[in-house]
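Working notes for the structure below.
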Amino acid sequence: MNLVILGKPGAGKGTLCAYCVEKANLTHISTGDIFREEIKAKTPLGILADSYISKGNLCPDSVTNEIIKNVLLKDPTKSYLFDGYPRTVNQADALAQMMKELGIKLDAVIDMNVSDDLVIERLSTRRLCRNCGTIYNTRNHMPKVEGKCDLCGGEIYTRADDQVDAIKERLHVYKTKTQPLIDYYTKNGLLMVVDGALPPEELYQVIEANLNERKF
Ligand code: ADP
Ligand code: ZN
């Protein structure tokens with residue numbers, strides 16, 4: 001089974017995906033995480049990606065599509081949970097083409113619906129572990145020892161693109177480039193809309209039930 005998680009920045013895609021991976025045999029592919037790894041390692045791809053990401057812009061489609069192509073080519077038989085990909089109509093077309101060539105299919109696209117206000121509140125209070133990527137929040141989920149990840153002891157930091165100006169730009173980019181995918185996947189019958197304000201354990205149950213009953 002292959003699933004796409006769609007939603008505004010801050011909709012809670014990463015948190016939901018982490019929960020799903022614990023519960024089901026899915027391989028989580030987050031293009032954002034892949035780019036952050038490359039940035040951390042200062043690779044040519046990372047340096048290129050950083051010039052877009054730090055301003056709240058999207059990385060070029062050609063670069064992003066290539067990353068996914070390599071993932072799929074390596075092992076087309078796994079069940080993938082795509083998080084943050086596709087993010088443009090060009091990427092959605094590319095994914096459909098790659099899947100067709102590999103004889104695999106997309107089962108559903110889960111749209112996590114949230115308000116702009118919730119996005120701004122969640123992102124401006126979000127913190128991350130630089131080492132393992134665990135997500136924290138200054139309001140309700142901080143590490144036990146200040147500045148150090150509970151799981152790995154890594155440094156806690158704020159993403160450059162979680163500054164208010166970059167958040168506004170990302171919301172704008174979402175509306176112009178990613179929102180058209182809602183229409184795109186509604187038309188081909190794959191879209192499942194869920195309430196992104198729900199906690200991950202409830203969302204998981206809703207999604208599982210909808211998938212079983214193909215109620216979307
Ligand atoms: P969020 O959903 O919180 O915005 P992500 O971690 O998914 O964060 O992505 C962070 C940034 O990485 C995006 O703002 C964008 O610049 C870049 N990025 C991630 N996925 C893609 C993609 N599919 N296409 C282009 N750029 C991407
Ligand atoms: Zn950590």
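Rundown of residues vs (1) in contact (Cβ under 8 Å) with a residue 12 or more places away in the chain; (2) out of contact with any Phe, Trp or Tyr (no Cβ under 8 Å at 6 or more places or on another chain); (3) within 24 Å of C59 (Cβ to Cβ), yes/no style:
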position: Y157; (1), (2), (3): yes, yes, yes
position: D162; (1), (2), (3): yes, yes, yes
position: Q179; (1), (2), (3): no, yes, yes
position: N188; (1), (2), (3): no, yes, no
position: E202; (1), (2), (3): no, yes, no
*Can you name the number of the only condition in (1) at pLDDT 95 or above; (2) buried (at least 17 other Cβ atoms within 10 Å of the Cβ); (3) away from ligand 2 (no atom under 16 Å from the Cβ) that P143 fails?*
(3)
*Inter-residue pairs, beta-carbon under 7 Å, first closer than 14 Å to E169 by Cβ and at pLDDT below 95 and in the stretch 43-57, second hydrophobic (A, V, I, L, M, F, W, C) and not in a loop (DSSP other than H, G, I, E, B), 6+ apart*: I53/F35; S54/A160; K55/A166; G56/A166; G56/V173; N57/V173
*Would you point out the residue of the stretch 103-157, among those that are under 27 Å from L191 (Cα atoms) and in a loop (DSSP other than H, G, I, E, B), that is farthest from ligand 1 (Cβ to nearest atom)?*
G103
*Extreme residue, nearest to E201 (Cα to Cα), among residues of the stretch 12-49 that are hydrophobic (A, V, I, L, M, F, W, C) and within 9 Å of the chain's Cα centre (by Cα)*: C17
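Considering each of E101, E66, E38 in turn, give the residue that is without any contact (Cβ under 8 Å) to a residue 60 or more places away in the chain, surrounded by 15 or more Cβ atoms within 10 Å (Cβ to Cβ), away from ligand 2 (no atom under 16 Å from the Cβ) and among the charged types (D, E, K, R).
Unique residue meeting the criteria: E38.
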*What are the pairs, 6+ residues apart or on separate chains, where a residue within the stretch 104-129 that is free of Cβ contacts under 8 Å to residues at least 24 places away in the same chain has its Cβ under 9 Å from a residue that is more than 15 Å from ligand 1 (Cβ to nearest atom) and not aliphatic (A, V, I, L, M)?*
E121/R139; T125/T138; T125/R139; T125/N140
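The values are calculated or read from the model by the stated rules, or taken from the named source; none is laboratory data. Model, not experiment: these values are computed from the prediction. Cβ coordinates were reconstructed from backbone atoms using ideal geometry, including for glycine residues, and neighbour counts include every protein chain displayed.
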